[in-house]
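Note sheet for the following structure.
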Amino acid sequence: QVQLVESGGGSVQPGGSLRLSCVATRGSFEFSRMGWYRQTLGKRRELVSSIGRDGTTYYHHSVKGRFSISRDDARNTMYLQMNNLTPEDTNVYYCNRVPDEDYIWGQGTHVTVSS
């Protein structure tokens, strides 16, 4: 079963940028729509952005115009470029297949935005 590893998080000031990476191990997500998730206050994960094999994208309204999702299927890697970060973006970010979420969840990568 495909296992996912997220990285690239960190602490930045408001207005800063980060680039998150999601790597698939023990398999490929080449044929899947993939997405980035974050945890809500109720601990449910909500979809932040997703990208299909054909490059079609989705963005949550709160990140539209600031985040950009991309994928490199040859490297089994997906990215999330996060620009103009705000404290409201502080969260743990995960990746998984959309909409099934049936790959093995990784540990997530922490993003902290504060001055």
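Just one of the numbered conditions (1) open to solvent by 30 Å² or more (accessible area, probe 1.4 Å); (2) closer than 19 Å to residue 9 by Cβ is not true of residue 111: (1).
Exactly one residue out of 2, 48 is over 11 Å from residue 95 (Cα atoms) and of a type in the set (Val, Ile, Thr): that is 2.
Scanning segment 54-87 for residues that are within 14 Å of residue 17 (Cα to Cα), surrounded by fewer than 20 Cβ atoms within 10 Å (Cβ to Cβ) and either acidic (Asp, Glu) or out of contact with any Pro (no Cβ under 7 Å at 6 or more places or on another chain) (or both) yields 65, 66, 68, 79, 81, 83, 84. Against the test of being more than 15 Å from the chain's Cα centre (by Cα) and free of Cβ contacts under 8 Å to residues at least 60 places away in the same chain, the options 88, 46 yield a single qualifying residue, 88.
Just to be sure I understand, how many residues within segment 58-95 are more than 22 Å from residue 106 (Cα to Cα) and hydroxyl-bearing (Ser, Thr, Tyr)? Summing the residues that are more than 22 Å from residue 106 (Cα to Cα) and hydroxyl-bearing (Ser, Thr, Tyr) in segment 58-95 gives 2.
Within segment 25-52, the set of residues being modelled with pLDDT of 95 or more and open to solvent by less than 30 Å² (accessible area, probe 1.4 Å) comprises 34, 35, 36, 37, 38, 48, 49, 50, 51, 52. For segment 1-16, name all the residues that are open to solvent by 60 Å² or more (accessible area, probe 1.4 Å), in a loop (DSSP other than H, G, I, E, B) and at pLDDT 95 or above. Across segment 1-16, the qualifying residues are 13, 14.
The values are calculated or read from the model by the stated rules, or taken from the named source; none is laboratory data. As the structure is a prediction and not an experimental result, all values here were calculated from the model. Positions of Cβ are generated from backbone atoms using ideal geometry, with glycine treated the same way; all protein chains shown enter the neighbour counts. Accessible surface is based on the protein model in full, side chains and every heavy atom, while ligands, DNA and RNA are left aside. Shrake-Rupley method; radii C 1.70, N 1.55, O 1.52, S 1.80 Å.
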